[in-house]
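The values are calculated or read from the model by the stated rules, or taken from the named source; none is laboratory data. Bear in mind that the values here come from a model prediction, so they are computed numbers and not experimental data. Reconstructed Cβ throughout: ideal geometry from the backbone, glycine too, with neighbour counts over all protein chains shown.
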Amino acid sequence: MKKLPTDAVAYKRTPLFTLENMPEGLRSNHQTKTGIWGLLQVERGTLNYKIENSESHRLTPGSPGVIEPQVAHCVEPEADTAFFIEFYRQSETLHN
């Protein structure tokens, strides 16, 4: 799995998502904008993270998933999963 760039700076976080309140769009392929990274953080349960329909990871608490800019991905939570997404920009894009 990729890692966040060392100069990435957090700027936004989603609410805590569960099966009941997770936006349906997260289940189908979508992507972040240019220069925007994401970090999937699982608080409880297991989250299946699929990257471009070819790579798959089971994320658990303490084992986050990195979302690369402009790379198609989707997620599928298992029962009783709670997770959130932190969004990052590389420091040189902060002033753009």
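Inspection of segment 57-69 finds no residue satisfying the criterion of being surrounded by fewer than 17 Cβ atoms within 10 Å (Cβ to Cβ) and hydrophobic (A, V, I, L, M, F, W, C). The requirement of being out of contact with any Cys (no Cβ under 9 Å at 6 or more places or on another chain), modelled with pLDDT of 95 or more and more than 17 Å from A79 (Cα to Cα) is not satisfied by S54.
In this structure, is L26 in a strand (DSSP E or B) and surrounded by 15 or more Cβ atoms within 10 Å (Cβ to Cβ)? Before the answer, list the steps.
Details: in a strand (DSSP E or B): no; surrounded by 15 or more Cβ atoms within 10 Å (Cβ to Cβ): yes.
Criteria not met by L26.
Residues that are touching a Phe, Trp or Tyr at 6+ places or on another chain (Cβ under 8 Å) and β-branched (V, I, T) within segment 40-84 comprise V42, V66, I67, V75, listed in sequence order. Looking across E20, E43, E76, one residue alone is surrounded by fewer than 16 Cβ atoms within 10 Å (Cβ to Cβ) and not in a strand (DSSP E or B). It is E20.
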